[in-house]
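The values are calculated or read from the model by the stated rules, or taken from the named source; none is laboratory data. The structure presented is a predicted model; accordingly, all values stated were derived computationally and were not measured. Note that each Cβ is placed from the backbone with ideal geometry, even for glycine, and that neighbours are counted across all protein chains shown.
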Ligand code: SF4
């Protein structure tokens, strides 16, 4: 299997970001401008029938990455490739947005509240195929609802969004995305606003759509447990950069970067799928330090101010990517220094406690 951050040359690759960066210019109250480096040099491949999870704290750049892949933003550098063909500037028209569908976290805001489910689905069906008659579109709309387990579909067609639960609304949002026969679904925290009792069902639905219908899927989340449950591969982002990636068993089971180790150990219970809030998920992480500024990120390894394993070179030089086999990779100087065993030798908090008794960098 290829790494989820290899470039788009593998069979089955549907959508790729190749070395993309996104910088935003912001102005303060007196008009001075600064550059926010939201994503820097990120590469990722999405494959038919596989789910890649992108995990990180708020401000890590994962939502910006999803919007770059959806072509809601133009990359500052790098390129997006659809089926190995670069998507040129301004080329993200209707065709692209049919092939690549973005699902937002808020199902309440994603559906037009004044229209019935039928209207919301019919609009997408007509965009996909203008020649189909109303009776056939209605039959297809029922089929779409039943594909997302809203059965019998006919019972939901004439409901308004406010008559549905949050989970039912998100299923309608997914049905609408499927109406245009996409090849890629980009889910930006698609379960985080749903009641905990239905998150598992939604993850099962996403898994089934990817596996059985061959959809390539990106799953953005702050929740390590849900990433482990539903995805095939995991990429970890920190301060706008990808710092570890590979098969989920390797990345979550045996983290090869101190930040991934922090995320895994600060998860209240990695087996509690989809039941942790964002605040709970990063409660420990936040007590260990603030994420850095993306306007003036730390030099060298961006994680070095928080890292209990940091060496003097970490503040000076960006670590290279080290390939660890079986598609697993990490960006940490410990690998280049032959000290990678230290990452697994003790808990993050024990390493941090030990560090406070040692001389500072
Ligand atoms: Fe820590 Fe250095 Fe590795 Fe960065 S490169 S994660 S600071 S040990």
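Counting only residues that are within 9 Å of the ligand (Cβ to nearest atom) and in contact with a strand residue (DSSP E or B) (Cβ under 8 Å, 6 or more places away or on another chain), how many does region 322-335 have?
Kept after step one, since they are within 9 Å of the ligand (Cβ to nearest atom), are these residues of region 322-335: 330-335.
Okay, now just the ones that are also in contact with a strand residue (DSSP E or B) (Cβ under 8 Å, 6 or more places away or on another chain), so 330-332, 335.
Residues meeting the conditions: 4.
Among (1) under 28 Å from the mean Cα position of the chain (by Cα); (2) surrounded by fewer than 22 Cβ atoms within 10 Å (Cβ to Cβ); (3) without any contact (Cβ under 8 Å) to a residue 60 or more places away in the chain, there is one condition residue 181 misses while meeting the rest; what is its number?
Of everything listed in (1) under 28 Å from the mean Cα position of the chain (by Cα); (2) surrounded by fewer than 22 Cβ atoms within 10 Å (Cβ to Cβ); (3) without any contact (Cβ under 8 Å) to a residue 60 or more places away in the chain, residue 181 misses just condition (3).
More than 27 Å from residue 63 (Cα to Cα) and without any contact (Cβ under 8 Å) to a residue 40 or more places away in the chain - does that describe any residue in region 161-169?
Yes, some residue in region 161-169 is more than 27 Å from residue 63 (Cα to Cα) and without any contact (Cβ under 8 Å) to a residue 40 or more places away in the chain.
Residues of region 309-322 being surrounded by fewer than 14 Cβ atoms within 10 Å (Cβ to Cβ) and touching a residue at least 24 places away in the same chain (Cβ under 8 Å), which ones?
312, the sole residue that qualifies.
Among the candidates 205, 145, which residue alone is crowded, with 23+ Cβ neighbours inside 10 Å and in contact (Cβ under 8 Å) with a residue 24 or more places away in the chain? Before you say what the answer is, go through the steps one by one.
Numbers: 205 fails: crowded, with 23+ Cβ neighbours inside 10 Å.
That would be 145, the only listed residue that is crowded, with 23+ Cβ neighbours inside 10 Å and in contact (Cβ under 8 Å) with a residue 24 or more places away in the chain.
In a helix (DSSP H, G or I) and either over 25 Å from residue 167 (Cα atoms) or assigned by TED's automatic domain parsing to the domain that holds residue 70 (or both): is that true of residue 119 in this structure?
On the way: in a helix (DSSP H, G or I): yes; either over 25 Å from residue 167 (Cα atoms) or assigned by TED's automatic domain parsing to the domain that holds residue 70 (or both): yes.
When the stated conditions are applied, residue 119 passes them.
Here are some residues: 319, 305, 255. Which one is within 10 Å of the ligand (Cβ to nearest atom) and modelled with pLDDT of 95 or more?
On the way: 305 fails: modelled with pLDDT of 95 or more; 255 fails: within 10 Å of the ligand (Cβ to nearest atom).
Only one candidate passes the filter, namely 319.
So is residue 71 crowded, with 16+ Cβ neighbours inside 10 Å, at pLDDT 95 or above and in contact with a helix residue (DSSP H, G or I) (Cβ under 9 Å, 6 or more places away or on another chain) or not?
On the way: crowded, with 16+ Cβ neighbours inside 10 Å: yes; at pLDDT 95 or above: no; in contact with a helix residue (DSSP H, G or I) (Cβ under 9 Å, 6 or more places away or on another chain): yes.
Against the criterion (crowded, with 16+ Cβ neighbours inside 10 Å, at pLDDT 95 or above and in contact with a helix residue (DSSP H, G or I) (Cβ under 9 Å, 6 or more places away or on another chain)), residue 71 does not qualify.
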